[in-house]
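Read the structure below first, then the notes.
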Amino acid sequence: MDKLRITGGNRLEGTVRVSGAKNSTLPAMAASLLTAEEVLLTNIPLVADIRTTRRLLGELGVRVEFEGNHSVRACAETIVSNEAPYDLVKTMRASVLALGPLLARTGKARVSLPGGCAIGARPINLHLKGLEKLGAHVKTEHGYVEAEAATLTGARIVFDKITVTGTENLMMAAVLANGTTVLENSASEPEITDLAALLTKMGAKISGAGTPTITIEGVRELHGATHEIIPDRIEAGTFLIAGAMTGGDLEITACEPAHLASVIEKLREVGVAIEAGRNSIHVKANGKLHAADVTTQEYPGFATDMQAQYMALMTQADGICVIHENIFENRYMHASELLRMGAHIRIDGSRAIVAGKTRLTGARVIASDLRASASLVLAALVAEGETVVDRIYHLDRGYEKIEEKLQSVGARIERVK
Ligand code: EPU
């Protein structure tokens with residue numbers, strides 16, 4: 001198993017380029033199931049979750065070829081299976097994104113139930129309830145969800161709770177349904193808008209993506225399309241915090257500043273100088289940071305996917321910070337590892353209280369999930385001495401060549417095989 005060895009203390013300076021969004025590429029690849037024609041996606045990140053999606057689509061009969069550096073062609077001319085097996089779903093829960101498009105295209109889908117994960121129970125009940133509203137017959141047996149529908153019929157669906165992949169699954173099911181579907185209390189993350197843009201290029205009729213009400217008029221069939229994936233806002237946010245924590249001077253390029261508005265605002269409050277350009281963000285920090293509270297929320301609020309990194313930042317800010325994790329019930333696994341590096345953090349239910357500024361010292365730590373891993377890397381960048389981060393397969397799921405990108409701006413970080 002690979003590890004990262006990091007020696008802290010270097011200020012990060014220079015330019016770092018952001019990759020395409022993992023959480024946009026996953027539904028976009030699943031959307032290729034909706035048409036017999038080819039879908040070409042550019043600006044995809046080369047991360048493990050994308051390779052897992054390729055395997056999943058391959059098992060369903062989709063021809064998937066990576067091209068050039070950051071493109072993928074997917075052609076679902078024939079679908080040979082409608083099952084997303086347990087082995088794939090357990091490595092990547094976003095495999096549930098096959099459910100909506102498979103059902104819409106073939107009338108049947110069998111997808112392993114993902115079960116809980118390191119950040120919470122993460123049920124998919126709202127995906128299933130929505131599919132039932134569209135007329136699907138859904139049953140759960142032997143750990144699998146089986147959904148069947150000779151035809152799907154448009155309906156009004158009000159989500160009890162905002163769900164990102166739930167909204168995506170329902171959008172992908174509704175594009176081929178008879179009649180009009182209205183999704184209310186939908187997620188409005190940029191990844192939803194990006195999926196709607198791809199589906200529209202494929203011939204779907206969608207309005208309101210990016211707002212809580214999405215209206216979809218079903219069409220008989222979709223066709224191929226070419227689509228450029230949006231930049232990864234969480235990767236960009238992680239580099240912003242790396243710049244802020246190390247007292248650095250970083251230019252983050254190929255990103256979309258508008259998607260990071262809440263993070264930028266919070267970092268300014270903390271005392272970091274940030275200038276947003278058209279597709280770049282300049283971050284400059286003089287080392288003096290003040291604590292500021294944060295509550296994670298759905299977009300455009302402060303993303304839960306930035307909470308762990310923000311906690312690492314707060315260990316370096318003067319004062320007391322209260323973090324409120326509103327989206328997932330168990331997303332503080334990184335706190336106990338940060339404690340081992342010298343941080344002062346207390347967890348109280350969904351709140352975390354961080355007292356800073358603390359001197360961090362390098363230690364052996366274990367990554368528990370993707371964003372937790374990122375927070376440990378950030379802490380290691382400012383810790384005295386050497387940190388070894390174990391189980392970085394979590395990090396590799398969503399960050400493309402993070403060690404090379406950080407090295408290029410001055411970090412002492414290497415991958416140990
Ligand atoms: N929820 C339900 N029932 C459902 C669906 C969700 O109760 O049927 C609850 C969840 O348990 C959670 C909340 O609703 O408490 C929001 O979950 P959501 O469904 O929005 O999460 P997700 O779609 O499973 C996506 C991202 C996550 C990100 C969350 C929140 C992808 C592939 N994953 O997950 O990304 O944290 O939205 O923004 O898009 C990551 O990239 O590290 C990551 C975990």
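The values are calculated or read from the model by the stated rules, or taken from the named source; none is laboratory data. Quick caveat: nothing in here was measured; it's all calculated off a predicted structure. Here the Cβ positions follow ideal geometry from the backbone for every residue, glycine too, while neighbour counts run over all protein chains shown. To get the accessible areas, we keep the full protein, side chains included, count just its heavy atoms, and leave off ligands, DNA and RNA. Shrake-Rupley method; radii C 1.70, N 1.55, O 1.52, S 1.80 Å.
Pull up all non-local amide H partners of V175: gap of 5 or more, or a different chain, and H-to-H distance under 5 Å with H placed in the peptide plane.
The answer is none.
With no solvent and one equal point scatterer per Cα, compute the Debye intensity ratio I(q)/I(0) for the range 280-336 at 0.18, 0.24, 0.26 Å⁻¹ and report its log10, rounded to two decimals.
Per q value, in the given order, log10 I(q)/I(0) is -0.68, -1.05, -1.14.
If you average the alpha carbon positions of the range 184-237 and of the range 137-170, how far apart do those two centres end up, in angstrom?
Each part reduced to its Cα centre gives a spacing of 18 Å.
Kindly provide the helix-only [θ] at 222 nm of the chain, computed as the sum of -39,500 (n - 2.57) over DSSP H runs of four or more divided by all residues, to the nearest 500 deg cm²/dmol?
Counting only the DSSP helices, I get -9000 deg cm²/dmol.
Give the share of C-alpha pairs in each 5 angstrom bin for the range 294-417, from 0 to the last occupied bin, in whole percents, shortest bins first.
Bins of 5 Å from zero give 2, 11, 22, 25, 20, 13, 6, 1 percent of pairs.
So what is the diffusion coefficient of the range 1-49 in µm² per second by Stokes-Einstein at 4 °C and 1.567 mPa s, using a Kirkwood Rh over Cα pairs? Spell out each step's value before the answer.
Values: Rh = 14.3 Å.
Diffusion coefficient, whole number: 90 µm²/s.
Mind checking which lysines have their Cα closer than 27 Å to the Cα of K108? Skip sequence neighbours fewer than 8 apart in that chain.
Filter leaves K22, K90, K129, K133, K139, K161, K201, K205.
Report the charge-dipole magnitude of the chain in Debye, nearest 20, computed about the Cα centre from +1 at each Lys and Arg Cβ and -1 at each Asp and Glu Cβ.
That gives the chain a dipole magnitude of about 580 debye.
Using alpha carbon centroids, what distance separates the range 330-383 and the range 44-98, in Å?
The distance from the Cα centre of the range 330-383 to that of the range 44-98 comes to 33 Å.
Please sort by residue number the trypsin sites (Lys or Arg not before Pro) in the range 122-199 whose DSSP state is loop and whose Cβ has at most 13 other Cβ atoms within 10 Å.
For trypsin sites (Lys or Arg not before Pro) across the range 122-199 that sit outside H, G, I, E and B with at most 13 neighbouring Cβ atoms in 10 Å, the list reads K161.
Under a 5 Å amide H to amide H cut-off, with H placed in plane at 1.01 Å, what residues pair with I366 once short-range neighbours are removed?
D390
Looking at the calculated P(r) for the range 346-395, what percent of the C-alpha pair distances fall above 19 Å?
Details: 425 of 1225 pairs.
The answer is 35 percent, as a whole percent.
Please give the direction-averaged projected area of the C-alpha convex hull for the chain, in square nanometres with one decimal.
17.8
Could you rank S207, S71 by how accessible they are, 1.4 Å probe, largest area first? Walk me through the numbers on the way to the answer.
Working: S207 65, S71 25 Å².
In descending accessible area the options line up as S207, S71.
Using just the Cα positions, wrap the range 86-220 in a convex hull and report its mean projected area in square nanometres, one decimal place.
Here the figure is 7.5 nm², rounded to one decimal.
In whole Hz, what ³J(HN,Hα) sequence does the range 149-156 give by Karplus (6.51, -1.76, 1.60; θ = phi - 60°), x for Gly and Pro?
Result, rounded to whole Hz: 7, 4, 9, 9, 10, x, 8, 9.
For the range 93-141, what size does the Cα cloud have along each of its three principal axes, sorted from largest down, in whole Å?
Answer, in whole Å and largest first: 33, 18, 17 Å.
Write down the accessible area per residue of the chain in Å², having rolled a 1.4 Å probe over the full set of protein chains.
Numbers: 16190 Å² over 417 residues.
Spelled out: the 1.4 Å probe surface of the chain, per residue, equals 39 Å².
Mind grabbing the base-10 log of I(q)/I(0) for the range 1-136 at q = 0.10, 0.11, 0.13 Å⁻¹? Debye formula, identical points on the C-alpha positions, no solvent, two decimal places.
Ignoring solvent entirely, the Cα scatterers give -0.40, -0.47, -0.63.
Based on the alpha carbons, how large is the Rg to Rh ratio for the range 170-319 when Rh follows Kirkwood?
Reported Rg/Rh, Kirkwood definition of Rh: 1.10.
Round to a whole number: what % of the accessible area of the chain belongs to carbon and sulfur, probe 1.4 Å? Kindly include the intermediate steps, with their values, before the conclusion.
Values: 7580 of 16190 Å².
Carbon and sulfur: 47 percent of the exposed surface of the chain.
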